[in-house]
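> I am attaching a structure below and will ask some questions about it afterwards.
The values are calculated or read from the model by the stated rules, or taken from the named source; none is laboratory data. Bear in mind that the values here come from a model prediction, so they are computed numbers and not experimental data. Quick reminder, even Gly has a Cβ in these numbers, built from the backbone with ideal geometry, and neighbours come from all protein chains shown.
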Amino acid sequence: MKKDKILLIALASQGRSGFIAGHQLQKIRRRPIIGLLYISSAAESIGVETEILDQYINPFTLDDIRQQVEKNKYLLVGFYSPVVKNNSEASLETIYASYLKKHFPELTIVAGGPGTYFHGHFLDRGFDIVCKSEGDETLKDIIRYTQGKLKLSQVKGIAYREKDKVFTNPDREPIADLSTIPYPDWPKVDLKLYKDHFIPTLRHPSAPVTASRGCPLRCAFCYSPNFWRYSHRVRPIPELLGEIDLLVNKYKVKYILFQDPIFGWDTKWLAEFCEALTLRKYRKLKWMCHLHPLIFRKGEYDLIRKMKLAGCNLIHLGLQSADDQILKNINRSPSEPAILKEIIAVARANKIMTAVDFIIGLPGENRRTVRKNIEYALDSKADMVHFNPLYLEVGTELFENKDKMQTAFSEDEIVKICARANREFYLNFKTICRLSIGIIQNNPRFLLHALLRARMVL
């Protein structure tokens, strides 16, 4: 008997930051979409076959998708949306969905991912169903709907269009026990095709991994409070190590990118995880993670030494601003700049590289605060710094209060300021020396790609 089948699609982003244009970034940073791999495993767990099309790896056109849908009787086609869209503008996902709906009116088209907060954007432009948050269990119910086993009104966690009316169902509770979720569908991707030359410590093949889901914080610029509803859950350490064992032993992975919004927020869990991974003795395995400065609010800097012993060679930190008032304006703590400098110092002592993110254009931003950020970045001795323009995502606190925001710069000015700030940091002699030493210590092969990166930045 032939299995039911669904098609999952990731489209190549056309975004832009203050550092590297989106289309240029795609040339040097390609990572598997781990959200799609989790969704694929969810479908496979109930006996439904999946196909994944990743435009980053295999470029395709609208007509290519049309021909593929013609050849296959899919239960549904799902699109991954990474960034929240403004309802007034068409997006790449809606262009594809509208095209498919025109040619296949009976086809069920679904949107999911972090970018689906504003469901009207999708339901007005070709989509039938929007998964509002965590999609593992929701997709299973959507599949059951396409199989005639459920009504859409019975599916929690979605918004949908039916007979020209839009309905919003009750939210689905976040999955409490992450050990019940199957591993991402790693057999569906060839990790050797994904190359990331943006991270100087990274070795290939690499793989993204999530050790937790959600975030308990309320940063005013972030969509996370709406998507995750402040829930923060960690995977049991034995279950997480099982996936790492699989990636290392079967797929020969040499580098793991932990993509948690806030890795290691539970410091006891972080210490136990590092100790357990160290005992694995994977000498060739290295990893990076995203940490919040307040993880070390109690001065537990010895965790950094344990991270190093477990293979960590890069810590990515989001400071966003060095100005106390701006930090207060975005629901962050004024204590963070001092803590972050201490983190960087301890990381340097343990030969772990550091990267720090800033956002330019936050409420209260002016020339003085921009200069303060640049001087802080240079003084902090971070190996890498990214100055990014503020992007007002629909559903965030800043977006809801955008009419009250006070900033001294236009959007175009902010992009130019970010570019100048990045150049000033990376053309600084001490930065060049520090970054070069860090690369030589951690991954000398990266120097082969340094010219490409320099051309993108300059």
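> Can you tell me which residue among Leu378, Leu279, Leu362 is closer than 29 Å to Ser436 by Cα and either in a loop (DSSP other than H, G, I, E, B) or of a type in the set (A, V, I, L, M) (or both)?
Only one candidate qualifies: Leu378.
> Considering only the range 306-339, state which residues are of a type in the set (A, V, I, L, M) and surrounded by fewer than 19 Cβ atoms within 10 Å (Cβ to Cβ).
Of everything in the range 306-339, those that are of a type in the set (A, V, I, L, M) and surrounded by fewer than 19 Cβ atoms within 10 Å (Cβ to Cβ) turn out to be Leu309, Ala338.
For every residue, the table says whether it meets (1) touching a residue at least 40 places away in the same chain (Cβ under 8 Å); (2) of a type in the set (Val, Ile, Thr).
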residue: Ser224; (1), (2): no, no
residue: Pro236; (1), (2): yes, no
residue: Leu246; (1), (2): yes, no
residue: Ile262; (1), (2): yes, yes
residue: Leu277; (1), (2): no, no
residue: Arg283; (1), (2): no, no
residue: Ile304; (1), (2): yes, yes
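> Additional query: Can you pull out the strands (runs of 3 or more DSSP E) entirely within the range 158-245 that have at least 3 residues that are crowded, with 18+ Cβ neighbours inside 10 Å?
158-162, 206-209, 212-214
> So Tyr230 passes all but one of these: (1) modelled with pLDDT of 95 or more; (2) in contact with a Gly (Cβ under 8 Å, 6 or more places away or on another chain). Which condition number does it fail?
Just one mismatch for Tyr230, condition (1).
> Moving on. Restricted to the range 383-442, and to residues that are closer than 30 Å to Asn350 by Cβ, part of a helix (DSSP H, G or I) and aliphatic (A, V, I, L, M), which residue is modelled with the highest pLDDT?
Ranking the candidates gives Ala421 first.
> What about Glu89, is it under 30 Å from Arg213 (Cα atoms), among the acidic types (Asp, Glu) and modelled with pLDDT under 95?
Yes: the conditions hold for Glu89.
> Is the range 70-92 home to any residue that is touching a helix residue (DSSP H, G or I) at 6+ places or on another chain (Cβ under 8 Å), of a type in the set (Lys, Arg) and within 20 Å of Tyr391 (Cβ to Cβ)?
yes
> Go through the range 121-155 residue by residue and tally those that are exposed (fewer than 15 other Cβ atoms within 10 Å of the Cβ) and of a type outside the set (S, T, N, Q).
Total meeting the criteria: 4.
> I've got another one for you. Hey, among Leu294, Leu270, which residue is farther than 26 Å from Pro182 by Cα and out of contact with any Cys (no Cβ under 8 Å at 6 or more places or on another chain)?
Step by step, each of Leu294, Leu270 is checked, and only Leu294 is farther than 26 Å from Pro182 by Cα and out of contact with any Cys (no Cβ under 8 Å at 6 or more places or on another chain).
> Separate question: Condition first: without any contact (Cβ under 8 Å) to a residue 60 or more places away in the chain, in a loop (DSSP other than H, G, I, E, B) and under 21 Å from Tyr223 (Cα atoms). Now tell me which residues in the range 249-260 satisfy that.
Asp260
> What number goes with the only condition from (1) modelled with pLDDT of 90 or more; (2) in a helix (DSSP H, G or I) that Leu8 does not pass?
(2)
> Check Phe273, Phe258 and return the single one that is aromatic (Phe, Trp, Tyr), closer than 30 Å to Leu398 by Cβ and at pLDDT 95 or above.
Phe258
> Within the group Leu327, Leu294, Leu317, which residue is in contact with a Ser or Thr (Cβ under 7 Å, 6 or more places away or on another chain), in the same structural domain as Tyr255 (by TED's automatic domain parsing) and without any contact (Cβ under 8 Å) to a residue 12 or more places away in the chain?
Unique residue meeting the criteria: Leu327.
> For Glu365, only one of the following conditions fails: (1) within 24 Å of Arg332 (Cβ to Cβ); (2) surrounded by fewer than 17 Cβ atoms within 10 Å (Cβ to Cβ); (3) acidic (Asp, Glu). What is its number?
Every condition holds for Glu365 apart from (2).
> Now, a different point. Tell me, yes or no, whether the range 353-363 has at least one residue that is modelled with pLDDT under 95, more than 25 Å from the chain's Cα centre (by Cα) and not aliphatic (A, V, I, L, M).
No, every residue in the range 353-363 fails to be modelled with pLDDT under 95, more than 25 Å from the chain's Cα centre (by Cα) and not aliphatic (A, V, I, L, M).
> Given the criteria farther than 17 Å from Ser179 by Cα, assigned to a loop (DSSP other than H, G, I, E, B) and under 22 Å from the mean Cα position of the chain (by Cα), does Cys289 qualify?
Here the answer is no, as Cys289 does not meet what is asked.
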